[in-house]
Structures are given as C-alpha cells and as structure tokens.
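Every number in this text was worked out from the coordinates using simple rules, so none of it is lab data. Bear in mind the structure is a predicted one, so any value in this text is a computation, not a measurement.
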Amino acid sequence: MSDEALLRLEFRACPLDEAPAAPLVEQMRREMAELYGGLDIDNARMPRAGATELGPPDGVFIVGFEHGVAVCCGGIKQLPDGACEIKRMFVTPTARGRGVARALLGELERRARGLGYAVARLDTGPLQTRARLIYERAGYEPVGNFNSNPVATYFGEKRL
C-alpha cells in the first residue's frame, strides 16, 4: 500500500462489543474457529480480551475505515507487568495484501505510546504465518509465552 493509500485509512476508537467493531470481531472469531478446528477464542483457557480488557482506562479498541467502510480492527490491553498486549487484530479478507495490517499495527503502537506504554507484546498461532512476518518486520523480537495462550507459537515484544 502506498503512503497515499495509507492516508485514506481513518482509525476510530470503538467499543469491541458494539458496531462497527462487533461485526469485525465476529468475523475474526469465525475465521479463527475455521482455521484452528473449532477454536473458541473466548474460552476460559484463552487470554482474556473482551470489551473490559480492551477499553479505557488502560486499553483501547480501534476500527480502521477505508472510504467509510470498516476494514480492520485491533485492541490494546494492559498486562500485569505494565507492558501492553496487542489483541484481536483483524483485517477483512478484501482489504488484505495492501498494507492495512501494517497500518493497523502502527496505529495500535501509536495509541499504546499515548496510553503511556513503553513495551508492546503480541502473539500469533502457527497457521498465521503472514501475521508473524508482519510482526517481525515491524521489529517484534521473540519472547517467551507471556500470556499462557495455548494456541500461539510466536510471542513477540517491541520497545515503543
């Protein structure tokens, strides 16, 4: 995606459980269930990442719009050690391959700095190789399993 195209993305904070965020999160839930054999990303074994965790005062959930259409989302939550975790990143299939995920990650990092975080962490599963590549190219370095996610195989950290 060119710099000009990136400027067409508008990011807004939105509660995760309300439109326009909720339909994007539901698409992500369905995609993760299909990809990982029925996985429920909200089950008790998974790291918590609901509206409470991804909302004020220590977090935020954002939706990215391209020409007025919601095309991506993601959130920030506080971790017990004072770092933040980037969660629920999702780009609609029609918006993939054009740099939207990179722009979303950059906006989430910007907002994390604005919330006072100096370190961001994230994770991804073994079947999400494109996500891992995006994270590595953005400067995330491998770390240990910081959130007890039983599905993830890559855990990354970046100083903001």
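Residue-wise HN-Hα couplings along segment 66-76, as the Karplus relation 6.51 cos²θ - 1.76 cosθ + 1.60 with θ = phi - 60° gives them from phi, are 10, 6, x, 9, 5, 10, 7, 7, x, x, 10 Hz; Gly and Pro carry x. Of all the options Ile86, Ile76, Ile134, the one that moves most in a Gaussian network model of the chain with Cα springs shorter than 10 angstrom is Ile134. Here the sum of -39500 (n - 2.57) over DSSP H runs of 4 or more residues, divided by the residues of the chain, equals -8000 deg cm²/dmol at 222 nm, to the nearest 500. Rounded to the nearest 5, what % of DSSP beta bridges with both residues in the chain are antiparallel? Counting DSSP beta bridges with both partners in the chain, the antiparallel share is about 95 percent. Amide H contacts under 5 Å for Leu160: Val119, Ala120, restricted to partners 5 or more places along the chain or on a different chain, H placed in the peptide plane at 1.01 Å from N. How would you classify segment 87-160 from its alpha-carbon gyration tensor, with a ≥ b ≥ c the square roots of the eigenvalues: rounded for a/c under 1.5, else prolate if a/b is greater than b/c, otherwise oblate? Oblate, since a/c reaches 1.5 and b/c is not below a/b. Summary value for segment 3-159: 20 percent relative contact order, contacts being C-alpha pairs under 8 angstrom separated by 6+ residues.
When Rg and the Kirkwood radius Rh are both evaluated on Cα atoms of segment 1-95, their ratio Rg/Rh stands at 0.99. Couplings for segment 150-159, taken from phi via the Karplus curve 6.51 cos²θ - 1.76 cosθ + 1.60 with θ = phi - 60°, read x, 9, 5, 10, 10, 10, x, 9, 9, 6 Hz in order; Gly and Pro are left as x. Between the alpha-carbon centres of segment 101-160 and segment 1-78 there is a gap of 14 Å.
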